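The values are calculated or read from the model by the stated rules, or taken from the named source; none is laboratory data. Predicted, not measured: the structure shown is a model, and the values here were computed from it. Here the Cβ is made from the backbone with ideal geometry for all residues, glycine too, and neighbour counts use every protein chain on show. In case anyone asks, the SASA skips ligands and DNA or RNA and just uses the protein heavy atoms, side chains included. Shrake-Rupley method; radii C 1.70, N 1.55, O 1.52, S 1.80 Å.
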Amino acid sequence: DAGITQSPRHKVTETGTPVTLRCHQTENHRYMYWYRQDPGHGLRLIHYSYGVKDTDKGEVSDGYSVSRSKTEDFLLTLESATSSQTSVYFCAISALRATDNEQFFGPGTRLTVL
Amino acid sequence: SQQGEEDPQALSIQEGENATMNCSYKTSINNLQWYRQNSGRGLVHLILIRSNEREKHSGRLRVTLDTSKKSSSLLITASRAADTASYFCATDSGGGADGLTFGKGTHLIIQP
């Protein structure tokens, strides 16, 4: 998976608890992304980063925050998990050569909020 | 909001046949990409076609792009059982850095 790992791979948590998902890359790519995948919706962008400490919101950012203190790590935090955040979360990276921004995806984290 | 919409949602064909999937989108794009996802796995990039290109080939894959109709098609020739997967189109409208917009996908089943 192009040098991208996600942890944990599976997590079950309870409503109202904080959750942090980690994405780690060994490719030294500048751009990193968090998506969620739900049946009937495809993948939707949550947040993205274009460099260390540089992040921005995506389409479905409410209830999520991110941080990037090192090039290789991009953290996604659910401050107070809700059942609507039950989903599969994918991290992706991109080298962004000119306008060719193909992305490489991690294996995903399956999160269940009870 | 969903940019790309794949059609059909599901497709089942016999091994050796060709599979065609379509994608329609709503706004102008810089490029359109196709990804494959095997069950329980992450997405794998297949092919990228720029807005000024009309057709592109990669192995058994052929992608077309019609910007006037805001549509693209992915053709997989001589299908194999290993091609069984979900296929997603994704569009880049924002210049590259700010993520892709994915469709809901076509689930392709290759019958042996």
Practice problem: Compute the FRET efficiency between A:Glu59 and B:Ser51 as 1/(1 + (r/R0)^6), taking r as their Cβ-Cβ distance and R0 = 22 Å, and round to the nearest 0.05. | Solution: 0.55
Exercise. Just list whichever of A:Lys11/A:Lys57; B:Lys69/B:Lys104; A:Lys70/B:Lys26; A:Lys11/B:Lys26 have alpha carbons separated by over 27 Å in the model shown.
Key: A:Lys70/B:Lys26; A:Lys11/B:Lys26
Quiz item: From largest to smallest, what semi-axes in whole angstrom does the protein assembly as shown give when each is the square root of 5 times an eigenvalue of its alpha carbon gyration tensor?
Solution: 29, 20, 16
Quiz item: How much accessible surface does B:Arg41 have with a 1.4 Å probe, in Å² rounded to 10?
Solution: 140 Å²
Quiz item: Residues of B:62-73, mean number of Cβ from any other protein chain within 10 Å of their own Cβ, rounded to a whole number?
Solution: 0
Quiz prompt | Solvent accessible area, Å² - B:Asp83, 1.4 Å probe, full protein context | solution = 20 Å²
Quiz item: Considering the zone a paramagnetic label at A:Thr15 would reach in this model (a point 7 Å from Cα along the Cα-to-Cβ line), which residues of the range A:75-95 have amide N under 14 Å from it?
Solution: A:80-86
Quiz prompt | Percent of Cα-Cα distances greater than 19 Å, calculated over chain B | solution = 39 percent
Practice problem: Starting with the highest mean, order A:29-36, B:16-23, A:5-12 by the number of other Cβ atoms within 10 Å, averaged over the residues of each peptide. | Solution: A:29-36, B:16-23, A:5-12
Quiz item: A:Glu79: accessible area at probe 1.4 Å, nearest 10 Å²?
Solution: 120 Å²
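Could you size up the charge dipole of chain A around its Cα centre, putting +1 on the beta carbon of Lys and Arg and -1 on that of Asp and Glu, and report it in debye to the nearest 20? Don't skip to the end; give the middle numbers.
Details: 12 positive and 13 negative charges, 34 e Å.
The dipole magnitude comes to about 160 debye.
How large is Rg/Rh for the range A:1-101, to two decimals, with Cα atoms and a Kirkwood Rh? List each step's numbers first, then the result.
Details: Rg = 13.3 Å, Rh = 13.9 Å.
Result: Rg/Rh = 0.95.
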